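What follows is a single structure, written as structure tokens, with notes after it.
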Amino acid sequence: MDWSINRGSHVCSLCEKIFPEEEIYLSALYDENNEFLRRDFCLECWDKEGTEKSFSYWKTKISKKPEKVERYAKIDVFYDLFNKLENEKDLSRVNFRYVLSLYLIRKKVLKLISSHKTNESEYMVLHNVKEGTDTEVLKPQLNKEEVLAVTDEIGKLVNCTPQISPDNGSIAGK
Ligand SMILES: [Zn+2]
């Protein structure tokens, strides 16, 4: 699976308006044939396009300084993605969810309770502090470099790289 990245365009994908300084716009991920495609919208076009077709979306504000993008709480973006990826079987999405869980553990939104192995797979049992529920995350066989590569992929897609410690997923680190 490839990532289609439309990054830093700062242009509405519908009306092609260029976002001025301090413009608030919406970014959305669309799941198209098992590929995530990102599109940015001005507020007007977002109202027309609707949200129901998007996999996940979030608000961003163009800062006054060029090349810098102000961010609304990205923790919510990552949390939303983490939840929506729950039943995904595609390997790259499993990797994606795992890396998001590392970030959310670091942010104390999730708490590592235990881990267990079934035949070939290893799972982390995480307590969702927000919801008061437990959830399992499949722990893929990734080395540190691969974890960082996945983190980078998420960063490109969301336009904000989650800060993680690749070791957070080990029970010793709790
Ligand atoms: Zn527009």
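Read the figures in this text as sums done on the coordinates, not as results from a lab. Note that the structure is predicted; figures quoted are calculated from it, not measured. All Cβ positions, glycine included, derive from the backbone under ideal geometry; neighbour counts span all protein chains shown.
Set the Förster distance to 22 Å, then compute FRET efficiency between Ala149 and Ile24 from the Cβ-Cβ distance, nearest 0.05.
Taking R0 as 22 Å, the efficiency between Ala149 and Ile24 is 0.10.
I'd like the FRET efficiency for Asn87 and Thr118, computed as 1/(1 + (r/R0)^6) with the beta carbon distance as r and R0 of 22 Å, rounded to 0.05.
Approximately 0.85, to the nearest 0.05.
With 26 Å as the limit on Cα-Cα distance, the pairs of Lys64/Lys108; Lys59/Lys144; Lys61/Lys111; Lys17/Lys48; Lys64/Lys156; Lys59/Lys130 that go past it are Lys64/Lys108; Lys59/Lys144; Lys61/Lys111.
With the cut-off at under 13 Å, measuring from each backbone N in region 8-46 to a point 7 Å along the Cα-to-Cβ line of Lys156 picks out 8, 36-38.
For Lys17, the residues whose modelled amide H falls within less than 5 Å of its own, excluding neighbours fewer than 5 places apart on the same chain, are Cys12. Note on Asn128 and Lys107: the model spin-label points, each 7 Å out from Cα along the C-beta direction, lie 1.4 nm apart. Spin-label model, Glu32/Lys17: points 7 Å from Cα along the beta carbon direction are separated by 2.2 nm.
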